[in-house]
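Okay, structure first, notes after.
All of the numbers you see were taken from the coordinates with simple rules; none came from a lab. Quick caveat: nothing in here was measured; it's all calculated off a predicted structure. Glycine gets a Cβ as well: all are built from the backbone with ideal geometry, and neighbour counts include every protein chain shown.
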Amino acid sequence: MQVEHHDLHLEFPEYLHSIQALKEGSEQFGRLYDEYHELTREVERLEEEDLPVDDFTIENMKKQRVWLKDQMYRMLRSFSPPG
């Protein structure tokens, strides 16, 4: 099965420096980032290995991932790097 990867750096390449700065400087962003990547790894693992999981579960995981990505995007858009 072809799996689409959702690494945050691939999703928002224009924010690479801001992602790094927020990961280091914002506890909230760091928690969201870690949760997003854990969830992404799990979804991709389930899809790659074609493991039995009901549609409701996988869709909820994907919805949670979108919600996390939206929260981080809001933070990235409002972030002003120091200097």
Highest average packing first - 26-33, 68-75, 53-60, 9-16, Cβ atoms within 10 Å: 68-75, 26-33, 9-16, 53-60
Proximal aspartates and glutamates relative to Lys63, as straight alpha-carbon distance under 18 Å, when same-chain residues fewer than 8 apart are discounted: Glu4, Asp7, Glu11, Asp34, Glu35, Glu38, Glu42, Glu44, Glu47, Asp54, Asp55
Debye-sum result for the chain in log10 I(q)/I(0), which assumes one identical scatterer on each alpha carbon, at q = 0.13, 0.23, 0.27 Å⁻¹: -0.44, -1.08, -1.36
